Amino acid sequence: MSTNGFPPSITLVILNPETLHHGTEPQHRFDSAGGTLGRQGAWQLHDRESRILPAHCEIRWHEGHFCLIDHSGSSFMNGNDTALISGTPIRLRHNDRLQIGDYQIAIHLLGHDETKRMQQLHTASDRDPLSAQRMTQQQCPLQVLGVPTNELFNSFRTHEPKPLDEVDPLAYLDRAAQARIAPEIARIFGKEAQ
């Protein structure tokens, strides 16, 4: 049960869209009502070899979590070579990977951070319609993909010029050769300390 006021949802996204067959959507969102995946499922997955069954597997809300129940005996999770046991609920976690036929599918759960942000948007829009717009503009589109934008934008800023020995390997070797050698090391190598 969702305690944050928003209904739980899960989105499945095909990671290898080049394998999409005509009529197959690249992603599908399920709510707590769940649904089936397959040739005749709520999310219709078609493949060229007809290895995907009409009701290949299903998403179900079970004991407060989304679960996958395989009905084919030919679905795989997280790169494992062993097929899922048919009829057994498998708890899904964010970023799990599901393989059905040739499709590699990512599991995206509505996370706590996203839920919190949606709540802020909802309450902000109740008070001031422009504040919701400002909040949506605060998040760079790259942040949605998980790219830390401060590091990304810092890479475009100009920096202080680096000392020549950091750029030129010969200058570095010259500086190293002129460096003072510790007396105990000089004795080991038979050189005089500078």
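The values are calculated or read from the model by the stated rules, or taken from the named source; none is laboratory data. None of these values were measured; they are calculated from a predicted model. Methodologically, a virtual Cβ is constructed for each residue, glycine included, from the backbone with ideal geometry; neighbour enumeration extends over all protein chains shown.
Within the range 157-175, the set of residues being modelled with pLDDT of 70 or more and not in a loop (DSSP other than H, G, I, E, B) comprises 169, 170, 171, 172, 173, 174, 175.
Scanning the range 30-82 for residues that are farther than 23 Å from residue 7 by Cβ and among the hydroxyl-bearing types (Ser, Thr, Tyr), we see that the one that is nearest to the chain's Cα centre (by Cα) is 75.
The residues on offer are 51, 29, 93, 60, and the sole one that is surrounded by fewer than 15 Cβ atoms within 10 Å (Cβ to Cβ), part of a strand (DSSP E or B) and not acidic (Asp, Glu) is 29.
Name the residue that is surrounded by the most Cβ atoms within 10 Å (Cβ to Cβ), counting only residues in the range 39-48 that are in contact with a strand residue (DSSP E or B) (Cβ under 9 Å, 6 or more places away or on another chain) and touching a residue at least 24 places away in the same chain (Cβ under 8 Å).
From the range 39-48, those in contact with a strand residue (DSSP E or B) (Cβ under 9 Å, 6 or more places away or on another chain) are 41-45, 47; that's our starting set.
Filter once more, so that each one left must be touching a residue at least 24 places away in the same chain (Cβ under 8 Å): 43, 45, 47.
Numbers: 43: 19, 45: 27, 47: 17.
It comes out as 45.
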